[in-house]
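Asker: So that we are looking at the same thing, I have put the structure below in structure tokens.
The values are calculated or read from the model by the stated rules, or taken from the named source; none is laboratory data. Because the structure is a prediction, the values reported are computed rather than measured. Heads up: the accessible areas ignore ligands, DNA and RNA and are worked out on the full protein's heavy atoms, side chains in. Shrake-Rupley method; radii C 1.70, N 1.55, O 1.52, S 1.80 Å.
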Amino acid sequence: MQIIHTEVEHATASTGEAVLRVFFRGEGGDCVTVDMAQSDPGNDEAALERARAILVQTARFDLAANDYDTQSNGNFDEVAVAAASNENGEIYIFEYRDGESSRQVPPSSMPSFEAAREEAVRCAIDLLADLQPGTDDLSGWLVRVHSMNGDLLCSIDVQEAEAARQATE
């Protein structure tokens, strides 16, 4: 979805709790909404960044595996940030280029390095759609994958993402 407009509003969730609601509006009337607990009211830019990070994390579509997870707070028993691995695989940190800066999202558990690299390639392909020739730098890295101790494990650049995109068409 090509996002053409974003909005941040204060709202009330169905549970009665105050939330920040971020709307990502796309071409053709598509809309994705992210509701978040209000941790920093009044800072729309921080809310947008947090909502983007949530969308990236949920792109993996982690679903509840059992009744306990269904009734939990949504963390699906993920390991703490201090962990390096669990029975489901390794913990990886994804870093995304955002114009002249970059941002890291919370650590993700992936079954293997190969799975983490495939996810990085998929994300890099998605980022290609947002790059504007003549405006954005069409070279360099788009997505980096780090280990929990900060070591750079792989970097997906524009050329690799474009080659992967063409291979899937």
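Asker: Ordered by residue, what ³J(HN,Hα) values in Hz, to whole numbers, does segment 154-169 give under the Karplus form 6.51 cos²θ - 1.76 cosθ + 1.60, where θ = phi - 60° and Gly and Pro are x?
Answerer: 7, 9, 9, 9, 4, 5, 5, 5, 5, 5, 5, 4, 5, 5, 8, 7
Asker: Whole-Hz Karplus ³J(HN,Hα) for segment 139-145, in order, using 6.51 cos²θ - 1.76 cosθ + 1.60 and θ = phi - 60°, x for Gly and Pro?
Answerer: Karplus-based 3J(HN,Hα) across segment 139-145 equals 9, x, 7, 10, 9, 10, 10 Hz.
Asker: Okay, next question. Quick check on segment 101-169: take the gyration tensor over C-alpha atoms, sort the square-rooted eigenvalues as a ≥ b ≥ c, and tell me if it's rounded (a/c under 1.5), prolate or oblate.
Answerer: Oblate is the answer for segment 101-169, as a/c is 1.5 or above yet b/c matches or exceeds a/b.
Asker: What are the residues whose amide H is under 5 Å from the amide H of LEU138, where those residues sit 5 or more places off or on another chain and H is modelled from the backbone?
Answerer: none
Asker: Continuing with this model, one more query. Once phi is turned into ³J(HN,Hα) by the Karplus curve 6.51 cos²θ - 1.76 cosθ + 1.60 with θ = phi - 60°, what whole-Hz value does each residue of segment 19-27 show in order, with x for glycine and proline?
Answerer: Each residue's phi maps through the Karplus curve to give 9, 9, 10, 10, 9, 10, 9, x, 4 Hz.
Asker: Just how much of ASP98 is accessible, in Å², when a 1.4 Å probe is used and the result is rounded to the nearest 10?
Answerer: Roughly 70 Å² of ASP98 is accessible to a 1.4 Å probe.
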